[in-house]
1. Restricted to region 69-81, and to residues that are in a strand (DSSP E or B) and out of contact with any Leu (no Cβ under 7 Å at 6 or more places or on another chain), which residue is farthest from THR44 (Cα to Cα)?
2. Can you pull out the residues in region 82-134 that are farther than 19 Å from ASP43 by Cβ, among the β-branched types (Val, Ile, Thr) and without any contact (Cβ under 8 Å) to a residue 40 or more places away in the chain?
3. Could you identify the single residue in GLY51, GLY62 that is farther than 14 Å from SER36 by Cα, assigned to a strand (DSSP E or B), out of contact with any Phe, Trp or Tyr (no Cβ under 8 Å at 6 or more places or on another chain) and of a type in the set (Gly, Ala, Ser)?
4. From the set of residues in region 98-134 that are modelled with pLDDT under 95 and of a type in the set (A, V, I, L, M), which is nearest to LEU50 (Cα to Cα)?
5. Which of the residues belonging to region 65-106 are among the small types (Gly, Ala, Ser), surrounded by 13 or more Cβ atoms within 10 Å (Cβ to Cβ) and within 20 Å of ALA33 (Cα to Cα)?
6. Those residues that are of a type in the set (Ser, Thr, Tyr) and part of a strand (DSSP E or B), I need them from region 87-134; list them, please.
7. Just one of LYS63, LYS80, LYS94 is closer than 25 Å to LYS134 by Cα and modelled with pLDDT under 95; which is it?
8. May I ask you to list the residues in region 24-48 that are part of a loop (DSSP other than H, G, I, E, B) and closer than 23 Å to LYS114 by Cα?
Amino acid sequence: MTAKPKQETAFEAYKDVMPNEPAPADWDFETVADESPTTVIFDTIGDVFLGLYKGTEHIVTGKIDAETGKPEEFDRFVFKGRNGELYSINQSYKLDATFEDIKPETWVRITYVKDIPTARKLSPLKDFKVDVRK
């Protein structure tokens, strides 16, 4: 299982206009947007991911679909890892059907168990086992 690294920003280039100073001690903040999750890719049979299911996220990309002329869109599952970091897993037929019955704030364990050949000999479908914490 691999995770794509997050894009780094060039904060140093803006240090003169965005000083890295602490806020006054009497200021309180509430998070209204979290950082983007790291994408989890199951690339080896037996890979296991453990995370707190947070829900789905709908993404509209800047790319235009050549056939429809509309922006490309997709959904992904978002999780919080035991380390507090956010992770995402792209949706698939098997995971879509499974997560319909799983409520957010549920701990899940996802195991990549096998590849299923397709009738048209395209890339095989990944098959997963999903367990929920009791």
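The values are calculated or read from the model by the stated rules, or taken from the named source; none is laboratory data. Here the structure is a predicted model, which means the values were calculated and not measured. Quick reminder, even Gly has a Cβ in these numbers, built from the backbone with ideal geometry, and neighbours come from all protein chains shown.
1. Initially, region 69-81 is screened for residues in a strand (DSSP E or B), giving 71-80.
With the extra rule that they be out of contact with any Leu (no Cβ under 7 Å at 6 or more places or on another chain), the set shrinks to 71-76.
Values: PRO71: 31, GLU72: 28, GLU73: 27, PHE74: 24, ASP75: 23, ARG76: 20 Å.
Step by step, filter region 69-81, then rank; the result is PRO71.
2. Step one: list which residues in region 82-134 are farther than 19 Å from ASP43 by Cβ, which gives 82-86, 96-108, 119-121, 131-134.
Retained after the next criterion (residues that are among the β-branched types (Val, Ile, Thr)): 98, 102, 106, 108, 132.
Scanning region 82-134 gives THR98, VAL132.
3. Values: GLY51 fails: out of contact with any Phe, Trp or Tyr (no Cβ under 8 Å at 6 or more places or on another chain).
Sole residue among the options that is farther than 14 Å from SER36 by Cα, assigned to a strand (DSSP E or B), out of contact with any Phe, Trp or Tyr (no Cβ under 8 Å at 6 or more places or on another chain) and of a type in the set (Gly, Ala, Ser): GLY62.
4. Here the residue is LEU125.
5. Of everything in region 65-106, those that are among the small types (Gly, Ala, Ser), surrounded by 13 or more Cβ atoms within 10 Å (Cβ to Cβ) and within 20 Å of ALA33 (Cα to Cα) turn out to be GLY81, SER88.
6. The initial filter retains those residues of region 87-134 that are of a type in the set (Ser, Thr, Tyr), namely 87-88, 92-93, 98, 106, 111-112, 118, 123.
Correct list: TYR87, SER88, THR106, THR111, TYR112.
7. Of LYS63, LYS80, LYS94, the one residue that is closer than 25 Å to LYS134 by Cα and modelled with pLDDT under 95 is LYS94.
8. Narrowing region 24-48 to residues part of a loop (DSSP other than H, G, I, E, B): 24-37, 42-47.
If the condition is that a residue be part of a loop (DSSP other than H, G, I, E, B) and closer than 23 Å to LYS114 by Cα, then PHE42, ASP43, THR44, ILE45, GLY46, ASP47 are the ones that fit.
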